[in-house]
Amino acid sequence: MYFLPEKLDEYVVAHSQEEPELLQQLTRETYQKILQPIMLSGPYQGRVLSMISKLIRPKTILELGTFTGYATLCLAEGLQSEGEIHTIDVNEELIDFQRKYFDQSGFGSQIHQHLGSAIDIIPTLNNTFDLVFIDADKPNYVNYFHLIIDKLNPGGIILSDNVLWHGKVIEPVDKKDISTQAVLEFNTLLKNDKRIETVVLPIRDGLTISRKK
Ligand SMILES: C[S@@+](CC[C@H](N)C(=O)[O-])C[C@H]1O[C@@H](n2cnc3c(N)ncnc32)[C@H](O)[C@@H]1O
């Protein structure tokens, strides 16, 4: 779904930074070999993630929902030289695919893959984080926020993906539609939680930036 008219969206993409060659390869292979390739962040959102990460210069990043590692590599572009990313995904079949691209990127030794449910893994991480990207299963977004907020450093940023959920956030909600209900609850939580400041950006499927005070 385009939130801008399609032609204007194309103009925005055409006048933004080019996608690095390695990410183009990763995208091609994802579309050839992996189910639901549409899940990867894609060239425009990827450049936005890279830019935000470069502005923050994080020492530690946490990503929930690695998929094939596209956003991991975009976020890694802003890491401090000694920095590291912890990225969690429940899908075991993606581990080797991710590692192949992580190692080709030059960030390989800074990226730590965690296999399992994010709900189980987050409490086992002893780090605090400067930047967190929430991009896993929607029904757990609220739980993820509660698990990470105390691990976020003051001034730290949470980026949350798919917060407009294909525009469903402004439509009547089916009682069986757990994901839309979860996204609505999450968006209200971010707006009202006094520990953070939040702005929703209408980028791709909606990307929220929340800053811890
Ligand atoms: C939208 S994709 C992530 C896309 C990736 N961040 C990117 O931008 O390229 C969502 C991922 O979350 C993973 N996932 C779903 N439920 C999960 C859970 N409970 N814990 C950890 N990962 C989960 C899926 O396996 C999938 O790879």
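Nothing in this text is a laboratory measurement; each read-out follows from the coordinates by a stated rule. Since the structure is predicted, the reported quantities are computational estimates derived from the model, not experimental observations. No Cβ is skipped: glycine too gets one built from the backbone with ideal geometry, and neighbour counts run over all protein chains shown.
Each of the peptides 59-69, 102-112, 168-178, 26-36 was scored by the mean count of other Cβ atoms within 10 Å over its residues; in descending order, highest first, they stand as 59-69, 102-112, 26-36, 168-178.
Explain nothing, just the number: relative contact order of the chain, from Cα pairs under 8 Å at least 6 residues apart, as a whole percent. Relative contact order of the chain: 17 percent. Would you give the gap between the C-alpha center of region 185-201 and the C-alpha center of region 52-88, rounded to a whole Å? That distance is 22 Å.
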